[in-house]
Number of protein chains: 2
Amino acid sequence: MRRSSAASKSLILAAARERFAADGYERATVRAIAADAGIDPSMVMRYFGSKERLFAAACEVDLALPDPLTVPRGEVGSALVEAFLSRWEGDETLQILLRTGCTHASVAERMRSIFVTQLVPVAAAFTGDASEAEKRAGLASSQILGVALCRFVLEFPPVKAMSRQELVAWVGPTIQRYLVGDAALDARCGVRSWEA
Amino acid sequence: MRRSSAASKSLILAAARERFAADGYERATVRAIAADAGIDPSMVMRYFGSKERLFAAACEVDLALPDPLTVPRGEVGSALVEAFLSRWEGDETLQILLRTGCTHASVAERMRSIFVTQLVPVAAAFTGDASEAEKRAGLASSQILGVALCRFVLEFPPVKAMSRQELVAWVGPTIQRYLVGDAALDARCGVRSWEA
DNA sequence: TCCTCTGGTCAACAGTTGTTGGCATACTGC
DNA sequence: GCAGTATGCCAACAACTGTTGACCAGAGGA
């Protein structure tokens, strides 16, 4: 009895997260994960039942976004970008979701539900209209996921190289406009109003 | 001799594009592609040599972006968004690249090179500084790829449901600011200047 | 007519995958 | 001491993968 079962389990989980994040679902083989963890493949099955359930365990996530009501209205955009970057750099979970969500419908579905339960409420704090809140949250997601994609997954050199402050300075205002900007004003006279 | 070899080849290619776009590289098996095309798997190998070369043939792409000098300076953003949406809806190539680029380093590399050769020049038309052009092109990419991701791949309901004009109205100004906005002014007094 | 060339079918290969069951080993409680 | 249990290793499984080569059918020129 070298390790406790809990220790083995978390070893496997850590290795799995790394592999899933780096290679995606199919190419992260149970054997490779087990080898990384220094554990027999059969133990993976014993502890997690199947590869699919191991995957599910590997990508549990809570965005832990800042409460929109605790930050000044004019800084929601940059606060969100900050929060997302931290979250993204903190562990590999979001990378796993993004990488595998592109090819696995069930993971995409999961991302959609995360989006609905965690980002839509933020947008809803700034508008009474539920459908508009969804739209605004969707736009904000597109920009945030796009940054994550280019910076952490595709690794576009300039996006990867930009400092965090620089990124926040550029992208924050975009999110700000999407979330609390005045759409009507935008439409009327060209965008100008997300500082509101 | 039922079909010409060219006809078979393009049948296979069409089926391959669909499968790669829907399932990604690994789960789009040669057998499945061949079955879709109504052709024996061995013919796929005969015509394309290997699965990898079939994949390469399936995702040749030319963005055909508008020449930035032919559109009014104030409309570059919306013109680009329009162009990208058309390109994206036109065929499955970009979907293949995005879906598989998330898990395959070589495809990601290819996306990076497409980015450098096709988007950076657009940004460079508005600034003398090469490194700033890269940065601006990177930011624009992040927003454009993010929209594509949410609309065509992850299918976030609100982003998928938005009309094209609506999307252009929201996202166009963002791209405009990234490409031709005044960064110094942004930094000094809050963003306000991408109409320039 | 025969021969050849082209497009197509079929069966099989070697390797890898997720998954399973049996067997050894060490620790724990009696 | 012993039995029971939890942990780990090993070999094997069936299924599936990309890929190969042998063989067949029919068209077209000699």
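Run down the lysines and flag those whose C-alpha is under 19 Å from the C-alpha of residue B:9, throwing out any fewer than 8 positions away in its chain.
In chain and number order, the partners are B:51.
Considering only chain A, pick the residue with its Cβ nearest the axis of the rotation onto chain B, and state the distance in whole Å.
Reported as residue, whole Å: A:146, 1.
Average partner chain C-beta neighbours within 10 Å, per residue of B:112-120?
On the way: counts 5, 0, 0, 6, 3, 0, 0, 1, 1.
Mean shielding count: 2.
Within the range B:1-88, which GluC sites (Glu not before Pro) sit in a loop by DSSP and count at most 15 neighbouring Cβ atoms inside 10 Å? Present the calculation step by step, with values, prior to reporting the outcome.
On the way: sites: B:18, B:26, B:52, B:60, B:75, B:82; in loops: B:60.
Loop-located and lightly packed - B:60.
Quick one: B:103, B:93, A:29, B:117, fewest Cβ neighbours within 10 Å first, how do they rank?
Ascending number of Cβ neighbours within 10 Å: B:117, A:29, B:93, B:103.
Averaged over peptide B:20-28, how many Cβ atoms belonging to another chain are found within 10 Å of each residue's Cβ?
3
Can you give me the P(r) profile for the protein assembly as shown? Cα pairs, bins 10 angstrom wide beginning at 0, each as a whole percent.
That works out to 5, 22, 29, 24, 13, 6, 1, 0, in percent per bin.
Order these by the 10 Å Cβ neighbour count, fewest first: B:67, A:91, B:23.
Least to most surrounded, the residues fall as B:67, A:91, B:23.
Among the trypsin sites (Lys or Arg not before Pro) in the range B:52-129, which ones are in a DSSP loop with at most 14 other Cβ atoms within 10 Å of the Cβ? Mind listing them?
none
Nm distances between the label at residue A:121 and the same-position labels in the remaining copies, 7 Å along Cα→Cβ, shortest first?
Label-point distances to the other copies, shortest first: 4.9 nm.
How big is the C-alpha Rg of chain B next to the rule-of-thumb value 2.2 N^0.38 Å, as a ratio?
Rg over 2.2 N^0.38 Å, computed on Cα atoms: 1.20.
Can you put B:175, A:114 in order of Cβ neighbours within 10 angstrom, beginning with the fewest?
A:114, B:175
Just want to confirm a number: the relative contact order over chain A, from Cα pairs under 8 angstrom separated by 6+ residues, in percent.
On the way: 199 pairs, mean separation 39.1, N = 196.
Contact order relative to length: 20 percent.
Within chain B, which whole H helices from DSSP have a Cα span along their axis of at least 15 Å and a mean Kyte-Doolittle hydropathy of -1.0 or more, if any?
In chain B, the long hydrophobic H runs are B:5-27, B:76-90, B:130-148, B:164-180.
May I ask for the distance between the Cα centers of the range B:92-163 and the range A:6-55, given as a whole number of Å?
32 Å
When each copy gets a label point 7 Å from Cα toward the beta-carbon at residue A:45, what are the spacings between them in nm, shortest first?
2.9
No value in this document is a laboratory result; all are computed from the given coordinates. In this text, all values refer to a predicted model and were calculated from it rather than measured experimentally. Quick reminder, even Gly has a Cβ in these numbers, built from the backbone with ideal geometry, and neighbours come from all protein chains shown.
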